[in-house]
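Okay, so here's the structure we're looking at.
Any read-out appearing in this document is the output of simple, stated calculations on the displayed coordinates, not a laboratory observation. The structure displayed is predicted, hence computed values, not measured ones. When we count neighbours, we look across all protein chains shown, and the Cβ atoms used for this are built from the backbone with ideal geometry, even at glycine.
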Amino acid sequence: ISQYFPPAILLIAIIGTVVWYFINPDKAATVFTAVLIVACPCALALAEPFAQGSLMRSFGRMGFFLKNAFVLQRLRRVNHIVFDKTGTLTQAGDIEIKWMGSHLDAEEKKAIAAIAHQAQHPLSKTVSLFLHLDARHIESPADFREMSGEGVWAIFTKDEYKIGTARFVGVAEVADTTSIYVLKNNCLLGYFSLYQPLRQHLDKVIESIPKGMTFSVLSGDNDAEKERFNRIFKGKADLHFNCSPHQKLALIKSFQAKGDYILMIGDGLNDAGALQQAQVGVSICEEKINYFPASDALLTAGSFAKLGLFLQWSHRNKKIIYQAFTLSLVYNVLGLGFALAGVLSPLVCAVLMPVSSISVVMYTTLLNRNVIH
């Protein structure tokens with residue numbers, strides 16, 4: 001609209017001037033000037049960026065930080081939400097953990113704690129804390145390699161360790177919970193059995209998400225908790241377990257091939273590829289993080305319960321933009337009408353023009369702020 005506005009106004013001013021030249025030549029110049037001054041393309045141009053900017057500021061105050069306004073535009077087109085499980089649907093802290101296997105001597109505990117301390121997976125720090133070793137006294141492994149979402153390989157005091165999923169360490173899955181297996185010099189020592197509590201009010205969060213959404217859950221863990229998450233989503237979610245990061249990425253692509261517009265929510269590390277592939281990638285951030293996720297938005301863990309509200313307001317913001325456009329167009333039509341009628345002086349028009357811009361800015365900013373809170 002804005003790109004056609006100036007030539008249209010110039011044409012209207014010329015036509016009005018010609019008409020008034022034959023009616024009252026003394027008013028022709030006044031009408032021409034008044035039309036050019038009272039018309040306000042700024043109000044049209046400001047409607048969308050200020051509506052988006054005010055909503056993004058409100059989101060930021062509530063713990064949801066968008067990279068730019070284009071993310072907000074894409075967010076309102078989402079029809080399929082994909083959740084990572086560990087660290088997203090489950091709570092990062094307060095995990096119940098048990099060791100199932102042979103007795104670990106002091107050197108083995110020290111090695112496992114040191115390797116887990118180096119790893120980036122959300123559950124690795126839980127393992128390190130479980131072994132009750134002070135991080136200040138933990139030595140670094142001689143060699144360390146991490147396969148995102150799978151596990152870690154390391155050399156500690158000349159012993160070779162592999163810690164991760166059953167698939168990664170090369171053993172059969174025997175655990176009936178989320179588990180982390182430990183292999184030392186190709187000998188299975190056992191596994192850590194973990195029970196992860198759900199994020200608070202998860203069922204209410206799912207209910208608050210706008211109707212018509214499709215849900216999927218992707219996890220690198222085994223399917224021991226399949227029934228649990230089936231109950232949470234009431235059988236309406238597509239559940240995928242034992243997924244490597246590459247498989248998560250492939251699943252996102254397959255959803256998109258069906259025409260779905262994807263919002264992916266994860267921890268930003270083990271699912272970085274899937275987050276970047278999705279139309280909107282959102283990383284959950286706990287209070288302390290030591291990396292910056294490659295995603296379109298950051299959602300603080302404490303604000304996860306407001307996910308439905310954020311989605312609802314991304315949709316409603318479009319209506320606010322249309323209302324601001326309408327307000328601006330009504331002003332311009334009325335202003336041009338009075339200017340062409342010859343009842344507005346250029347001085348009055350000069351006062352009215354900034355008033356229209358200010359009204360649009362105030363309307364979009366205040367409406368977003370008041371309704372969000």
Proximal aspartates and glutamates to Lys125, defined as alpha-carbon separation beneath 17 angstrom and excluding residues fewer than eight positions away on the same chain: Asp94, Glu96, Glu108, Asp134, Glu139, Glu146, Glu150, Asp221, Asp267, Glu286, Glu287
Need the list of lysines near Lys211 for cross-linking: C-alpha distance under 30 angstrom, and skip anything on the same chain fewer than eight residues off. Lys67, Lys85, Lys226, Lys234, Lys236, Lys248, Lys253, Lys258, Lys306, Lys318, Lys319
Expected sort for 197-204, 145-152 on mean C-beta neighbours within 10 Å, highest first, is 145-152, 197-204
Rounded to the nearest 10, the angle in degrees between the Cα long axis of helix 25-38 and the longest principal axis of the Cα atoms of the chain comes to 10
Under 13 Å, Cβ to Cβ, from Thr90 - net charge with Lys/Arg +1 and Asp/Glu -1: -4
0 to 90° range, to nearest 10: angle between helix 106-118 axis and the chain longest Cα axis: 10
So who's got an amide H within less than 5 Å of the one on Cys285, skipping anything under 5 residues away but keeping other chains? H placed 1.01 Å off N, in plane. Leu299, Thr300, Ala301
If the label point sits 7 Å along Cα→Cβ of Gln118, residues of the range 150-181 with amide N under 13 Å come out as 152-163
With +1 on each Lys and Arg Cβ and -1 on each Asp and Glu Cβ, and nothing else charged, work out how big the dipole of the chain is about its Cα centre, in Debye to the nearest 20. 1280
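If R₀ is 51 angstrom, what is the calculated FRET efficiency for the pair Met362 and Asp94, using the beta carbon separation as r and rounding to 0.05? Display every interim value, and only then the final one.
Numbers: r = 45 Å, r/R0 = 0.89.
Given R0 = 51 Å and the Cβ-Cβ separation, E is 0.65.
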What's the center-to-center distance, using Cα atoms, between the range 184-241 and the range 60-98 in Å? 15
Between the residues Cys285, Leu298, Leu309, the Cα farthest towards the positive end of the dipole of the range 254-323, that dipole coming from +1 and -1 charges on the beta-carbon of Lys, Arg, Asp and Glu, is from Leu309
Structure-derived mean projected area of the Cα convex hull in nm² - corresponding label in (i) 25.8; (ii) 39.1; (iii) 23.2: (iii)
Relative contact order for the chain using alpha-carbon pairs under 8 Å, separation at least 6, rounded to a whole percent? 26
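So what's the projected area for the range 101-242, the Cα convex hull averaged over all directions, in nm²?
Values: hull surface 38.3 nm².
With the hull built on Cα positions only, its mean projection is 9.6 nm².
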Using the Cα centre of the chain as origin and beta-carbon charges of +1 (Lys, Arg) and -1 (Asp, Glu), tell me which of Ile97, Ala339, Val38 is placed farthest towards the positive end of the dipole. Ala339
For Lys234 and Ala8, what is the calculated FRET efficiency with R₀ set at 41 Å and r taken between the beta-carbons, to the nearest 0.05? 0.15
Pick from Tyr21, Tyr195, Tyr322: which residue has the top mean-square fluctuation in a GNM of the chain where Cα pairs under 10 Å get a spring? Tyr21
So, with points 7 Å from each Cα along the Cβ direction, the Val19-Glu107 label distance in nm works out to 9.8
